[in-house]
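Enquirer: Structure incoming, see below.
The values are calculated or read from the model by the stated rules, or taken from the named source; none is laboratory data. The structure displayed is predicted, hence computed values, not measured ones. Neighbour counts are summed over all protein chains in view; Cβ atoms, including those assigned to glycine, are modelled from backbone coordinates with ideal geometry. Side chains included, ligands, DNA and RNA excluded: accessible areas come from the protein's heavy atoms. Shrake-Rupley method; radii C 1.70, N 1.55, O 1.52, S 1.80 Å.
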Amino acid sequence: MTENQGPKHKRDLTRRKVVVTGAGAVAAVGVAGGVAAGAFAGGTGKKTPTPKASSTSTSSEVCYTLTSETTEGPYYIDADKLRQDITEDKEGIPLTLSLRVIDSETCKPIVNAAVDVWHCDALGLYSGYESLSSGGGSAPTDAPSGTPTGEPPTDAPSGAPSGGTGGGGGHEEPTDDKRYLRGTWKTDRQGRVTFKTIFPGWYRGRCVHIHTKVHVDGTWTDAGYEGGTTCHTGQFFFDEESVLASAEVEPYSTSTTERTTLTEDTIYDQSGTTGGLLELKYDKKNIAKGVIGSITMGVDPEATHTGTDDAVQPGASESATDTASPSASAS
């Protein structure tokens, strides 16, 4: 089934606006550079990818390979809450995401970018889509069906979404007003941003993962973040050791859902850090104490990667983003 064109909020990022929530949110944006790097315990933002040497780099400077682009999935909600702590009242293993965004060609940090993160809860439910996602049971819209073949994903899952209409990996309209485990924040002068959340759970057809988008060239205003383009749409992944450890902790241990492993997943490209694999730190004897996940994303700030259409390279027509054949599917 052909993906519909979707709502304006995801098809044209020049009309994008992140709504600021809470009385202190506007002030928080202004000081994001100082807060993001050290707001949460362990948020050191250490470089995690294996660097590659650059002919233009100095002795203390390294460049990184371009981080893999992936599908947006059907459960993205624009105009999310502008915040670093996205946990709300969800139970789970505490997770601090320490992220850094840099230009993969120049090695320079990307400052004042808007970074979105969103993921399911400990039992596989997505906020905004609880009636479509089916934690502890059958697969939601975004989960591919069948046995993984090892071939690159076509991002075209089969079957109709549970509890709703629509097709394949096309964007779904939210079915409820919940927004837990979603948020947007600003990169500081070192390109760093930190989020406080919980270790994600899983649902049938996908390994454990977190979604992300990086928006650039927009404007931070009293109303939030406006305009700009999406230069990166990706997903973060967790190694099997950490996922197995989390499965021993409640509420993860109560899940009855068959789990897809990292090597079986049809979205993760098996390329390690380049593909979004997080560097994780936690007490191996007691993961319930909390986890720190770190990664540096090497992006091309001049490219457009919405995760729903073919990438638009610098100089391409703006309308190409709206008319290109869809390439998204699984979340």
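Enquirer: Does the range 206-230 hold any residues that are touching a helix residue (DSSP H, G or I) at 6+ places or on another chain (Cβ under 8 Å) and either within 21 Å of Leu278 (Cα to Cα) or not in a strand (DSSP E or B) (or both), and which are they?
Expert: Those that are touching a helix residue (DSSP H, G or I) at 6+ places or on another chain (Cβ under 8 Å) and either within 21 Å of Leu278 (Cα to Cα) or not in a strand (DSSP E or B) (or both): Cys207, Val208, His215, Asp222.
Enquirer: Working only within the range 92-112, note down all residues that are assigned to a loop (DSSP other than H, G, I, E, B) and either within 10 Å of Met297 (Cβ to Cβ) or open to solvent by 50 Å² or more (accessible area, probe 1.4 Å) (or both). Spell out the reasoning first.
Expert: Just the residues of the range 92-112 that are assigned to a loop (DSSP other than H, G, I, E, B), to begin with: 92-93, 104-108, 110-112.
Those that are assigned to a loop (DSSP other than H, G, I, E, B) and either within 10 Å of Met297 (Cβ to Cβ) or open to solvent by 50 Å² or more (accessible area, probe 1.4 Å) (or both): Ser104, Glu105, Thr106, Lys108, Ile110, Val111, Asn112.
Enquirer: Scan the range 209-249 for residues that are of a type in the set (Val, Ile, Thr) and more than 12 Å from the chain's Cα centre (by Cα) and jot them down. Reasoning before the result, please.
Expert: Taking the range 209-249 first, the residues of a type in the set (Val, Ile, Thr) are 210, 212, 214, 216, 219, 221, 229-230, 233, 243, 249.
Across the range 209-249, the qualifying residues are Val216, Thr219, Thr221, Thr229, Thr230, Val243, Val249.
Enquirer: Further question on the same structure: Is one or more of the residues making up the range 245-259 touching a Phe, Trp or Tyr at 6+ places or on another chain (Cβ under 6 Å) and in a strand (DSSP E or B)?
Expert: No, because not a single residue in the range 245-259 is touching a Phe, Trp or Tyr at 6+ places or on another chain (Cβ under 6 Å) and in a strand (DSSP E or B).
Enquirer: Scanning the range 190-205 for residues that are in a strand (DSSP E or B) and at pLDDT 95 or above, which turns out farthest from Lys108 (Cα to Cα)?
Expert: Residues of the range 190-205 in a strand (DSSP E or B): 192-198, 203.
Still in the running and at pLDDT 95 or above: 192-198.
Working: Arg192: 12, Val193: 15, Thr194: 18, Phe195: 22, Lys196: 25, Thr197: 27, Ile198: 30 Å.
Checked the range 190-205; the qualifying residue farthest from Lys108 (Cα to Cα) is Ile198.
Enquirer: Right, another one. Select from the range 204-240 the residues that are of a type in the set (D, E, K, R) and under 17 Å from Ala122 (Cα atoms) and write down the one among them that is surrounded by the most Cβ atoms within 10 Å (Cβ to Cβ).
Expert: Applying the first criterion (of a type in the set (D, E, K, R)) to the range 204-240 yields 204, 206, 213, 217, 222, 226, 239-240.
Those still in the list that are under 17 Å from Ala122 (Cα atoms) too: 204, 206, 239-240.
Details: Arg204: 19, Arg206: 27, Asp239: 15, Glu240: 13.
Selected residue: Arg206.
Enquirer: Scan the range 304-324 and tell me whether some residue there is at pLDDT 95 or above, part of a strand (DSSP E or B) and either buried (at least 23 other Cβ atoms within 10 Å of the Cβ) or polar (S, T, N, Q) (or both).
Expert: Taking the range 304-324 first, the residues at pLDDT 95 or above are 304-305.
So of that shortlist, the ones also part of a strand (DSSP E or B) come out as 304.
Filter once more, so that each one left must be either buried (at least 23 other Cβ atoms within 10 Å of the Cβ) or polar (S, T, N, Q) (or both): 304.
Yes, that holds for at least one residue.
Enquirer: Let me ask something additional. Between a first residue in the range 173-190 that is within 12 Å of Ala113 (Cβ to Cβ) and a second residue that is modelled with pLDDT of 95 or more and among the aromatic types (Phe, Trp, Tyr), which pairs have beta carbons less than 9 Å apart while being 6 or more apart in sequence or on different chains?
Expert: Sorted first by the residue in the range 173-190, then by its partner, the pairs are Trp185/Phe195.
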